[in-house]
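Trainee: First the structure, which I've put down as structure tokens, then a few questions once you've had a look.
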Amino acid sequence: MDGAHSAGLQLQQLPPTSSSMSLSSSEGSFSYKENLIGALLAIFGHLVVSIALNLQKYCHIRLAGSKDPRAYFKTKTWWLGLLLLLLGELGVFASYAFAPLSLIVPLSAVSVIASAIIGIIFIKEKWKPKDFVRRYVLSFVGCGLAIVGTYLLVTFAPNSHEKMTGENIAKHLVSWPFLLYMLVVIVLFCLLLYFYKERNANSIIVILLLVALLGSMTVVTVKAVAGMLVLSIQGNLQLDYPIFYVMFVCMVATAIYQATFLSQASQIYDSSLIASVGYILSTTAAITAGAIFYLDFLGEEALHICMFALGCLIAFLGVFLITRNRKKAIPFEPYISMDAMPDEGAG
């Protein structure tokens, strides 16, 4: 008995075998590949969305500056932009199923970088080299910083890859850290909404904080819905869990209200200011929500977390410099003149 007991102790004290070490390394390699797939999908999606929106904008501007009687939705350019927009949004949506929330959200900086580059390429004015450099030096520096920040985000992103099953989602939903976070978010949202509606506090920070708080809930639900859909496609059906439909309804509702507040902000403030401040606030709120709900940074090394935070800060600065250099928006003029509308009383 004593010999068997001592042999058991010796077995417990043996160092990990090569097979167990290779298993852990293969798991790490798999998680890195999933991160890479998610990041590439997000980058592709944001890039395509940026191209799509610029195509549609180009279509509107071209029709407004010509005598073409066609409506914008009857042009091939607008429909091409719409198809690209749907493709890009699908790519971004799918990316949430593969990579942690904290990695995917900051990559929306790609759309800002792409819009800046597209804007520079398609400038119609003629600039002297000195004027061009002076005017766009901030955009070039901002793009460089945003690219460096994106590289750091992808390199030092957390490697949390929990399967988005109905049981796991429900477990996270009733965890005390998330319930406490939700309480703080609801109280803060109600206070901001009170000052915005009752006290006419139309500060851009107030409006975009409302957007950011709603957005943090949107991305949490988007990841849950996308992850459960991917698992269902792979054969592990998740659509029979009620939590899927709860998350889907919350995703749609928060996205609609988020768009409503963004629309109100765009009527008061310049779009470049909304882009920079909104990116910073929304990314911060979303990363916080992901860290609490999905435990993105649980078990991560302090150095990785610090480098990831540095990547976020550099990307924030890059986006700020890019949007700071944009031209002020020209007051909106409707593409369809009210004078051209048919008279209801006529005939």
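The values are calculated or read from the model by the stated rules, or taken from the named source; none is laboratory data. Being a predicted model, the structure only gives us computed values, none of them experimental. Methodologically, a virtual Cβ is constructed for each residue, glycine included, from the backbone with ideal geometry; neighbour enumeration extends over all protein chains shown. We work out accessible area using only protein heavy atoms, side chains counted, and drop any ligands, DNA or RNA first. Shrake-Rupley method; radii C 1.70, N 1.55, O 1.52, S 1.80 Å.
Trainee: What order do you get for 202-208, 178-184 when each peptide is scored by the mean count of other beta carbon atoms within 10 Å, highest first? List each step's numbers first, then the result.
Mentor: Working: 202-208: 17.0, 178-184: 13.3.
Averaged packing, sorted descending, gives the order 202-208, 178-184.
Trainee: Moving on. Rg over Rh of region 229-303, using C-alpha atoms and the Kirkwood radius, what does it come to? All intermediate terms of the calculation are to be shown ahead of the outcome.
Mentor: Values: Rg = 17.2 Å, Rh = 15.5 Å.
Ratio value, two decimals: 1.10.
Trainee: Once ligands and nucleic acids are excluded and a 1.4 Å probe is used, how much of CYS306 is accessible, expressed in Å² to the nearest 10?
Mentor: 80 Å²
Trainee: I want to check the label-to-label distance for ASP240 and ALA309. Put each point 7 Å from Cα in the C-beta direction and report it in nm to one decimal.
Mentor: Once both label points are built, they end up 4.5 nm from each other.
Trainee: To continue, here is another question. Can you give me the distance in nm between label points at TYR257 and GLU34, each placed 7 Å from the Cα along the Cα-to-Cβ direction?
Mentor: 3.1 nm
Trainee: When only DSSP loop residues count, what GluC sites (Glu not before Pro) in region 160-210 have their Cβ near at most 10 other Cβ atoms within 10 Å?
Mentor: Within region 160-210, the qualifying GluC sites (Glu not before Pro) (loop, at most 10 other Cβ atoms within 10 Å) are GLU198.
Trainee: Sticking with this structure for a sec: Would you kindly state how much longer the chain becomes between PHE140 and PHE195 on full extension, computed as 0.36 nm times their sequence separation minus their alpha carbon distance, in nm to one decimal?
Mentor: 16.0 nm
Trainee: To the nearest 10 Å², what's LYS197's accessible area with a 1.4 Å probe?
Mentor: 110 Å²
Trainee: Between ILE233 and LYS74, what FRET efficiency follows from the Cβ-Cβ distance if R0 is 41 Å, with the result rounded to 0.05?
Mentor: Efficiency, rounded to the nearest 0.05: 0.70.
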